[in-house]
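Worksheet: one structure, shown below.
Only the coordinates and a few stated rules stand behind these numbers; no lab work does. All values reported here derive from a predicted model rather than from experimental measurement. Here Cβ is always computed from backbone atoms with ideal geometry, including for glycine, and neighbour counts include all displayed protein chains.
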Amino acid sequence: MIEKEDELHEEAEEIRRETAEDSPELAEHDRLAELEKAVEDANNKALYAAAEIQNVRRRLEAEKQQAAAYASATFARDMLAIKDHLDRALAAVNEELRSDTLASSFLAGIESTSRELNAIFTRNGVTRIESVGHSLDPHKHQAMMEIPSDEAEPGTIVQEMQAGYMLKERLLRPALVAVAKTPN
């Protein structure tokens with residue numbers, strides 16, 4: 001059936017070509033149809049190119065915003081080491097040392113520096129990852145060991161060895177944690 005239609009179509013085209021040779025109006029009509037098709041094709045290509053340019057422009061703008069938002073990631077990661085040292089220094093101070101007048105002035109300076117660093121982190125979108133008491137999230141936590149526990153569900157974080165941090169929606173550094181497991 002299709003072959004028969006193709007044959008009829010070819011035959012009609014052949015008759016048309018033969019007739020067009022003798023008829024300038026038909027030839028002009030054919031030429032106009034070809035030009036209209038060429039214009040339509042060119043218009044479609046122009047619309048496609050314009051859409052592609054718009055998509056590229058949008059992607060570049062999104063990448064630019066991402067780069068600006070996360071440009072400080074390396075600097076923030078480096079600052080976390082300083083925060084860790086300050087926290088360890090403050091944790092190592094016993095009550096006897098805190099009651100000493102000279103040492104308490106020194107500790108007040110360290111605590112003030114730690115608070116200022118926390119404020120700077122907050123202003124720049126650096127937040128501490130909550131760990132202890134939460135379920136292990138491999139996207140935010142790195143399990144360093146398992147601790148047998150009757151009090152916590154298996155897979156629950158029971159100890160934090162090093163704080164983890166996020167920069168806006170990105171992981172800056174995972175929290176190093178110990179996870180509860182069922183006692184033997």
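A compact table of results
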quantity: Calculated [θ] (222 nm, deg cm²/dmol) that DSSP helices of n ≥ 4 give over the chain, each run adding -39,500 (n - 2.57); calculated: -22000 deg cm²/dmol
quantity: Residue among 49, 12, 143 with the largest mean-square fluctuation in a Gaussian network model of the chain, springs linking Cα atoms under 10 Å; calculated: 12
quantity: Highest-MSF residue in the chain out of 101, 74, 127 [GNM, Cα springs under 10 Å]; calculated: 101
quantity: Under 16 Å from residue 4, Cα to Cα: aspartates and glutamates that are on another chain or at least 8 residues apart; calculated: 13, 14
quantity: Test item: Cα-centred dipole of the chain, Lys/Arg +1 and Asp/Glu -1 on Cβ, debye; calculated: 2440
quantity: Nearest-0.05 FRET efficiency for residue 63 and residue 95, computed from C-beta distance (R0 41 Å); calculated: 0.20
quantity: Charge-dipole axis of the chain as Lys and Arg at +1 and Asp and Glu at -1 on Cβ define it, positive-most pick from 178, 106, 62; calculated: 106
quantity: Full-extension gain in nm, residue 9 to residue 171, via 0.36 nm per residue minus C-alpha separation; calculated: 51.8 nm
quantity: Degrees separating the helix 24-70 axis from the principal Cα axis of the chain, which is the longest one; calculated: 0
quantity: Residue with peak Gaussian network fluctuation, the chain [Cα springs, cutoff 10 Å], from 151, 169, 28; calculated: 28
quantity: Net +/- balance of residues flanking residue 172 in space, Cβ distance below 14 Å, scoring K and R +1, D and E -1; calculated: +4
quantity: Rounded tilt (10° steps) of 2-22 against the dominant C-alpha axis of the chain; calculated: 60
quantity: Pairwise Cα inverse-distance average, inverted: Kirkwood Rh of the chain (Å); calculated: 23.8
quantity: Alpha-carbon centroids, region 128-184 and region 100-126: separation in whole Å; calculated: 26
